[in-house]
Each structure stands twice: as structure tokens, then as C-alpha cells.
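The values are calculated or read from the model by the stated rules, or taken from the named source; none is laboratory data. This is a predicted model, so every value here is computed, not measured. Here Cβ is always computed from backbone atoms with ideal geometry, including for glycine, and neighbour counts include all displayed protein chains.
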Amino acid sequence: MLLSKEQINRHTPEMADLYRTHLEEELVPGLIHFGVFDQTLAGEVIKAIAAIKNYGGQWFLWGCVVKPDYRGQELQKQLVNERLEYLKSRTDNARVYIEPWNSASIANLQAAGFEYQGQTIHEDGETIMSVYRLEWKRD
Ligand SMILES: CC(C)(COP(=O)(O)OP(=O)(O)OC[C@H]1O[C@@H](n2cnc3c(N)ncnc32)[C@H](O)[C@@H]1OP(=O)(O)O)[C@@H](O)C(=O)NCCC(=O)NCCS
């Protein structure tokens, strides 16, 4: 689900930690956040997070982290679909930069219809990233 401001405020330290630990990325400004939670007596527990970002008019799917205990339950697929639903009324395409070895993520992107476009260098100036793109008819 799309996270509310209150949810983002409540979970920012843990979200930042998940991005840092699993993706070596920082929480940057301008991200729109999605998540899957468990509702427990103690409150909301994060199972998975993901984001989207607009760079100069182009929408990107940003990092997705599924906590290790919840992997293999298609939560990444769910978050890909939720983010595409959100984008469908706002644009007609989305891009993703993904590390070429990340076969689980690539399989999920291809299942959603994303197609390989080529490779680019990450903004760190070193890492090679594969570019995937999906285009649709706008709602
Ligand atoms: C990549 C990632 C998002 C996949 O999330 P997910 O919700 O587990 O995805 P899926 O349920 O589709 O599973 C993907 C594959 O990983 C396998 N898998 C990985 N870890 C698993 C675990 N702990 N338990 C069970 N299956 C696991 C699944 O079986 C599946 O393989 P298959 O398609 O051959 O059956 C998750 O592993 C993750 O957060 N990794 C670290 C961060 C990252 O790389 N993010 C993606 C880049 S943005």
C-alpha cells in the first residue's frame, strides 16, 4: 500500500536501515513510499518496502527490500504491481535500474512486462546497472 505521512514518519529509521543494509542506498528526498505490513498487537511490523521517484519527468521504480523472514512470498511482485497501479493514471511508462545479477528482481520485473533496454553506469561511477522499461496506454 501507499504509505501515509504518519506511517513514513513512524518507520523512517527502520526504512533507512533496510535500504542501507540491503541495497547500500540512502533514503533520498522525493521518494514516494509503498509497503507491506503485518498488523500485530504491538502495532505495524514492516514486511517489505519499495518506492518510486520522478527524475526530470521520468518515473523510476526505486529500491524494494523484502525482509529476509518474508522472502519467497511474492511481496516484491505485489509491490511492483502496486507501484504500477499508482503510476498508471499519471504517466505511460516506467524505468528501473537493476544490478544484472539480481535474477529474482529481474524475473519479477519481466513478469510485470518490463523489457531490457541496455546497460548504464550507476551514479557511483562504477557499478553497471541493467535498464528495464515498461510502457502502457494511459488510463
Ligand atoms: C530481491 C527481493 C526483493 C525479492 O523479494 P521476494 O518478495 O522474496 O521475491 P519473490 O517472492 O518473487 O522470490 C524471489 C525468488 O527468491 C527466492 N528466495 C529468496 N530468498 C528466499 C527466502 N528467504 N525464502 C524463500 N525463498 C527465497 C524465491 O524462491 C524466488 O525464487 P524463484 O522465483 O526461483 O522461486 C528480496 O530478495 C530482497 O529484498 N533482496 C535484497 C534487496 C534487493 O536486492 N532488492 C531488489 C533490488 S531493488
* Asked: Quick check: is even one residue across segment 6-26 farther than 16 Å from Lys67 by Cα and touching a residue at least 60 places away in the same chain (Cβ under 8 Å)?
  -> no
* **Total residues in segment 85-101, condition under 18 Å from Lys53 (Cβ atoms) and out of contact with any strand residue (DSSP E or B) (no Cβ under 7 Å at 6 or more places or on another chain)** => 4
* Got at least one residue in segment 111-118 being in contact (Cβ under 8 Å) with a residue 40 or more places away in the chain and either surrounded by 15 or more Cβ atoms within 10 Å (Cβ to Cβ) or under 24 Å from Glu14 (Cα atoms) (or both)? -> no
* Kindly indicate which of Glu44, Glu82 is modelled with pLDDT under 95 and out of contact with any Cys (no Cβ under 6 Å at 6 or more places or on another chain). => Glu44
* **Which listed residue, of His33, His11, is farther than 23 Å from Glu126 by Cα, more than 15 Å from the chain's Cα centre (by Cα) and surrounded by 17 or more Cβ atoms within 10 Å (Cβ to Cβ)** => His11
* **Top-ranked residue in segment 51-108 [being of a type in the set (Asp, Glu), in a loop (DSSP other than H, G, I, E, B) and farther than 16 Å from Lys137 by Cα; ranked as nearest to the ligand (Cβ to nearest atom)]** => Glu74
* Which numbered condition Lys137 fails, given (1) surrounded by 12 or more Cβ atoms within 10 Å (Cβ to Cβ); (2) among the basic types (Lys, Arg); (3) modelled with pLDDT under 95 -> (1)
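Scan segment 18-33 and tell me whether some residue there is assigned to a strand (DSSP E or B) and within 14 Å of the ligand (Cβ to nearest atom).
yes
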